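> Here's a structure for you.
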Amino acid sequence: MDQSALRSVIAAVPIPLLLLDREDRIAAANDAARRLFGTGLEGRLHVTVLRQPAVIESVERARTGGREAQGRFQITGPTSDSVYRLIATPVGEGQVLLAVEDQTDVEQASRIRRDFVANVSHELRTPLTALLGFIETLQGRARNDPVARDRFLNVMAAEAERMNRLVDDL
């Protein structure tokens with residue numbers, strides 16, 4: 001594919017793309033890349049635009065290994081951080097195409113899921129631990145103690161109801 005056709009393809013892609021020449025200068029950038037990294041990208045060294053060790057490493061791996069290399073980097077914004085996946089692919093003679101994919105929402109959803117599972121696990125473990133302790137006590141030394149048995153059964157019923165409400169809420 002000639003350079004003109006390659007630039008047309010890069011311009012048409014909706015995710016940020018940067019084409020690096022063999023001197024690590026940005027030879028082409030699409031509008032999505034300009035929105036993310038700013039204007040005036042062409043001709044600049046990629047390290048002046050993407051000052052990220054993961055980017056530099058991915059470009060080197062793609063160039064020396066002759067195959068796709070991936071990395072992850074973060075851009076700190078005024079109100080929040082954004083996380084990106086970078087895919088560096090060798091194209092043609094010494095050129096590398098960088099595709100940048102926003103992973104912020106995916107990582108945030110994963111973090112929310114981990115927190116949710118941890119909270120639910122904790123909320124279920126607390127009453128389960130109490131129930132198991134009372135059952136063990138009722139099977140052992142409180143087996144023939146009607147006062148303790150009634151008190152423990154009331155607590156067990158309350159804990160079971162708490163778990164039931166939690167499951168209903170889920």
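> Give, as ranges by residue number, the residues of segment 141-169 whose backbone N falls under 13 Å from the point 7 Å along Cα→Cβ of residue 128.
The answer is 163-164, 167, whose backbone nitrogens lie closer than 13 Å to the label point.
> Another question, then. Cα gyration tensor of segment 37-84, axes a ≥ b ≥ c as square roots of the eigenvalues: rounded (a/c below 1.5), prolate (a/b > b/c) or oblate?
The shape class here is oblate.
> Can you tell me the dipole magnitude for the chain around its Cα centre, using point charges on the Cβ only (Lys, Arg +1; Asp, Glu -1), in Debye to the nearest 20?
Magnitude of the dipole: close to 320 debye.
> Moving on. May I ask for the distance between the Cα centers of segment 1-37 and segment 114-157, given as a whole number of Å?
Value for the Cα centre distance between the two parts: 62 Å.
> Apply the Karplus curve 6.51 cos²θ - 1.76 cosθ + 1.60, θ = phi - 60°, to the phi angles in segment 81-95 and return the couplings in whole Hz, x for Gly and Pro.
Working through the residues one at a time gives 9, 10, 10, 10, 9, 10, 10, 9, 10, x, 9, x, 7, x, 8 Hz.
> Please report, as a whole percent, how much of the solvent-accessible surface of the chain comes from carbon and sulfur atoms (probe radius 1.4 Å).
Answer for the chain is 53 percent, counting heavy atoms of protein chains only.
> With angles folded into 0 to 90 degrees, how steeply does helix 146-169 sit against the dominant principal axis of the chain? Use alpha carbons for both and round to 10.
Once rounded, the angle reads 30 degrees.
> Can you match log10 I(q)/I(0) by the Debye sum over Cα atoms at q = 0.10, 0.12, 0.15, 0.17 Å⁻¹ to one of these, [x] -0.56, -0.64, -0.84, -1.00; [y] -0.36, -0.52, -0.80, -1.01; [z] -0.40, -0.58, -0.92, -1.17, based on a calculation from the structure here?
[x]
> Could I ask something else about it? Which GluC sites (Glu not before Pro) in segment 43-76 sit in a loop by DSSP (not H, G, I, E or B) and have at most 16 other Cβ atoms within 10 Å of their own Cβ?
68
> Any idea of the accessible area per residue across segment 18-170, 1.4 Å probe, to the nearest Å²?
Normalised by residue count, the accessible surface of segment 18-170 is 63 Å².
The values are calculated or read from the model by the stated rules, or taken from the named source; none is laboratory data. Treat the numbers as computed from the prediction; the structure is a model and nothing was measured. We place every Cβ from the backbone using ideal geometry, glycine too, and count neighbours over all the protein chains shown. These area figures cover heavy atoms from the full protein model, side chains too; ligands, DNA and RNA do not enter into them. Shrake-Rupley method; radii C 1.70, N 1.55, O 1.52, S 1.80 Å.
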